[in-house]
Protein chains: 2
Amino acid sequence: MSSVESLDRDQTQNLRDTMISLGKAARAAMPALANATTEVKNRALLEMAKAVRVQSAAILTANAQDVATAKANNISSAFLDRLILDEARVDAMAAGIEAIAALPDPVGNVMDSWDRPNGLQMSRVRVPLGVIGIIYESRPNVTADAGALCLKAGNAVILRGGSESFESSRAILACLKEGLVAAGLPDTAIQSIPTTDRAAVGILLQDMPEYVDVIVPRGGKSLVERVQNEARVPVLAHLEGLCHTYIDRDAEIEMAKSISVNAKMRRTGICGATETLLIDQAVIQSHLPQIVDALVDKGCEIRGDTQSQKIDSRITPATEDDWFTEYLDSIVSVKIVDGVEGAIDHIAKYGSHHTDSIVTDNIETAERFLSQVDSAIVMHNTSTQFADGGEFGMGAEIGISTGRLHSPGPVGAEQLTTFKYVVRGSGQIRP
Amino acid sequence: MSSVESLDRDQTQNLRDTMISLGKAARAAMPALANATTEVKNRALLEMAKAVRVQSAAILTANAQDVATAKANNISSAFLDRLILDEARVDAMAAGIEAIAALPDPVGNVMDSWDRPNGLQMSRVRVPLGVIGIIYESRPNVTADAGALCLKAGNAVILRGGSESFESSRAILACLKEGLVAAGLPDTAIQSIPTTDRAAVGILLQDMPEYVDVIVPRGGKSLVERVQNEARVPVLAHLEGLCHTYIDRDAEIEMAKSISVNAKMRRTGICGATETLLIDQAVIQSHLPQIVDALVDKGCEIRGDTQSQKIDSRITPATEDDWFTEYLDSIVSVKIVDGVEGAIDHIAKYGSHHTDSIVTDNIETAERFLSQVDSAIVMHNTSTQFADGGEFGMGAEIGISTGRLHSPGPVGAEQLTTFKYVVRGSGQIRP
């Protein structure tokens, strides 16, 4: 055996040891977090926000380091935009933590209670999920959002941010830990993986089921797919948002136009942006050109099927791939479908179970769409861009879950909890 | 390449093709199931029950075949007892399906609804989980229970029973399909894997994420662990029940005795049976000997720590392994602990997050136990044997989930659903 091989093995073992100690420390923090009062958790959150404001200069210095490295690596400008912090963004981060402090505490909430004929008093009470592993890409503010939301729900968290934001995240994490300590909570409640080694993610996913209760991947399709394939613990998946807006034969034209434009163009880079417009063939003459006008006006490129191209020459050809594509850009695909059934079939085949909307004045058609489209969020006469925890009234969110188990849709503090049954008796034994 | 290898490869490919067609057929059945009315689903269930009664002779003949094979393989008597059907058991199976028909339909239930300031009307509505794979051991009645519960919740199901009950399950499945067809539902709503080949389970767990939404393993520890390790889709795990009853210093002695005896001895083979008694050291003199008397009277063997052995000579030595053992037999382990904190610590170390109970007249102590013990079901002054969906008022169940996500505790029809958000607007666009 060469000394290099033996060194590699030592390094692997060291990394494994590091990861296991993170896991053990997170587990050890659980009881203190589960039993922390709302007041203590909120005090920690407000101290975190304060520390972020006070340490603003240090965070910006760390961020400048990340940005310099990223530029040296010729990273794209869209990517850079997500990475760069300035005073306003740091301030928004602190305000975000304060908003989480102001949310109701889900832990301890009695979800139901009922009595049994034998006098047993049953209830179902919200409790923290436990230890959450969050894997995300390079937006440094996710470190603050995710850490704060997990704390609010009484969870310990192990964060793994993108390597490009490593220094920024480290500086933000220091502020979060300061807040924890100021409130008398274990600073191991929020930890991050202290290396950019990709092997660490494999260990987190596969070798730590005793220490990690759930993994939340937050990022692009390839990240989420890797996590789903490799994880040996449950995953709260946040897959892409391949959202559809269907314009029915009974859609009012002005509403169809304004919803189409908003759903696609308000912000093109969010997961609730519409990627495909489905148009009922009954209204291609009356509705399609006007919708195309409105979209082209806003600078949107339109790719459509053969039938739509015949109606409007500004539509370029779409390929089969387009129906599967989350553009996250000023591009929309257009498909002509045979009424609501055609729309439902298209979404079943190409959708990502995220958010889909119908525009129609026909209530029966709307209800058919709402009941038959199998997505976390289904909408009638409104914009898919409302797919957002804040817009739902849930406060901050960590993303939109497209998985079926646990909690599809926006994942906020409440969705980061589970429950237990509490049974109170007076000596009952089972006959 | 030898012809044998090439044959093996062909067989593997055939098995894979068989499994994928099961998955495709299950997916194809989903819309009809999701949209089936309560009346249609209940009609199917009642027709299933009728078919089970009418086909009783055929089921018993198939079961006799399984029993003969099992006997030839020298299978244990406990195992045989679970496998053997008689007229009364077949009748109970039919009655079980009828009871599921009588349950409320969870699908379509509006869980919450609220309005947003912009006029959007939000609601959260229960929908089926989708396609469920259920892997279970050799009690043939599980075929009927699991098939009926999944249908009630609008799910398609792929069943994989133990190979020892293969013929019995096949005969029961035929009755279930008869019921589906009589109600006009696709008979692919309930399917079973048509081979006892173990490789089929591997394919179900790993190669069918497009077709299977969740796996429910129901059986012993090794089965559940295999499923958790191999599955690439979410698992609703039903791990063992290593349940504890803690007798606190403030426990009333008569209640402590009757609950201890009931919790351990009412039925020793169920997952809610207590396996370890934790006794507060403050009451070892006053309570322990009387509890031991009562248990010994019922024929229970008692294994204890050194301290307990000093108090009562009928207690034989327990090893470290005993604290981890789900006996499912007339054996209990006894550990002396230092008050409620000692009990909480022991359960945190050795428990299986299933069901744990405290006996005490001190409400403060009880609340501490209820809040700090991290199990799906926590109890005060009652018997762990109440850990059962029927006793909770939920009707039939498929088992007790010990996982944190989705739905810990008894899993009945409601727990086999998920939800979606329905948003109703009048043209709102997001500012």
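The values are calculated or read from the model by the stated rules, or taken from the named source; none is laboratory data. Predicted model only: the values in this text are computed from it and were never measured. All Cβ positions, glycine included, derive from the backbone under ideal geometry; neighbour counts span all protein chains shown.
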Collect the residues in the range A:114-129 that are farther than 25 Å from A:VAL235 by Cβ and within 8 Å of chain B (Cβ to nearest Cβ), keeping them in residue-number order.
A:TRP114, A:ARG116, A:LEU120, A:MET122
Complete set of residues in the range A:380-399 that are in contact with a Cys (Cβ under 9 Å, 6 or more places away or on another chain) and aliphatic (A, V, I, L, M)
A:ALA387, A:ILE398
Turns out the strands (runs of 3 or more DSSP E) fully within the range B:313-431 with at least 2 residues that are more than 7 Å from chain A (Cβ to nearest Cβ) and touching a His at 6+ places or on another chain (Cβ under 7 Å) are B:331-337, B:355-359
Output for the range A:103-122, where each listed residue is surrounded by 13 or more Cβ atoms within 10 Å (Cβ to Cβ) and of a type in the set (A, V, I, L, M, F, W, C)
A:LEU103, A:VAL107, A:LEU120, A:MET122
Taking the range A:197-247 and keeping residues assigned to a helix (DSSP H, G or I), of a type outside the set (A, V, I, L, M) and free of Cβ contacts under 8 Å to residues at least 60 places away in the same chain leaves A:GLY202, A:GLN206, A:SER222, A:GLU225, A:ARG226, A:GLN228, A:ASN229, A:GLU230
When (1) in contact with a helix residue (DSSP H, G or I) (Cβ under 9 Å, 6 or more places away or on another chain); (2) at pLDDT below 95 are applied to B:HIS380, the one that fails is (2)
Please go through the range B:18-36 and pick out each residue that is without any contact (Cβ under 8 Å) to a residue 12 or more places away in the chain and within 12 Å of another protein chain (Cβ to nearest Cβ).
B:PRO31, B:ASN35
Does A:ALA171 satisfy being under 22 Å from A:ALA57 (Cα atoms), more than 14 Å from chain B (Cβ to nearest Cβ) and not in a loop (DSSP other than H, G, I, E, B)?
yes
Residues satisfying the stated conditions in the range A:197-228, i.e. of a type in the set (D, E, K, R), over 14 Å from A:ALA26 (Cα atoms) and within 14 Å of chain B (Cβ to nearest Cβ):
A:ASP207, A:GLU225, A:ARG226
Where in the range A:26-111 are there helices (runs of 4 or more DSSP H), lying fully within it, with 2 or more residues that are modelled with pLDDT of 95 or more and assigned by TED's automatic domain parsing to the domain that holds A:GLY130?
A:38-54, A:56-72, A:87-102
Residues that are of a type in the set (Ser, Thr, Tyr), under 19 Å from A:THR355 (Cα atoms) and modelled with pLDDT of 95 or more, drawn from the range A:383-431:
A:SER383, A:THR384
Looking only at residues that are more than 15 Å from B:GLN385 (Cα to Cα) and crowded, with 24+ Cβ neighbours inside 10 Å in the range B:239-269, which one is nearest to the other protein chains (Cβ to nearest Cβ)?
B:ALA251
For the range A:80-105, give me the residue count where each residue is touching a Ser or Thr at 6+ places or on another chain (Cβ under 7 Å) and over 16 Å from A:GLY147 (Cα atoms).
4
When residues of the range B:24-50 are limited to those that are within 17 Å of B:ILE158 (Cα to Cα) and among the small types (Gly, Ala, Ser), the one surrounded by the fewest Cβ atoms within 10 Å (Cβ to Cβ)
B:ALA28
In the range A:84-93, which residues are surrounded by fewer than 21 Cβ atoms within 10 Å (Cβ to Cβ) and either under 19 Å from the mean Cα position of the chain (by Cα) or touching a residue at least 12 places away in the same chain (Cβ under 8 Å) (or both)?
A:ILE84, A:ASP86, A:GLU87, A:ARG89, A:ASP91, A:ALA92
B:ASP338 meets each of (1) touching a residue at least 24 places away in the same chain (Cβ under 8 Å); (2) crowded, with 19+ Cβ neighbours inside 10 Å with one exception, condition (2)
For the condition at pLDDT 95 or above, of a type outside the set (D, E, K, R) and either outside the structural domain of A:ALA64 (by TED's automatic domain parsing) or on the phi > 0 side of the Ramachandran plot (or both), what is the one hit in A:GLY154, A:GLY179, A:GLY147?
A:GLY154
Out of B:GLY395, B:GLY390, B:GLY351, report the one residue that is at positive phi and under 25 Å from the mean Cα position of the chain (by Cα).
B:GLY395
The listed residue being outside any helix (DSSP H, G or I) and within 25 Å of B:GLU210 (Cβ to Cβ), out of B:LEU159, B:LEU180
B:LEU159
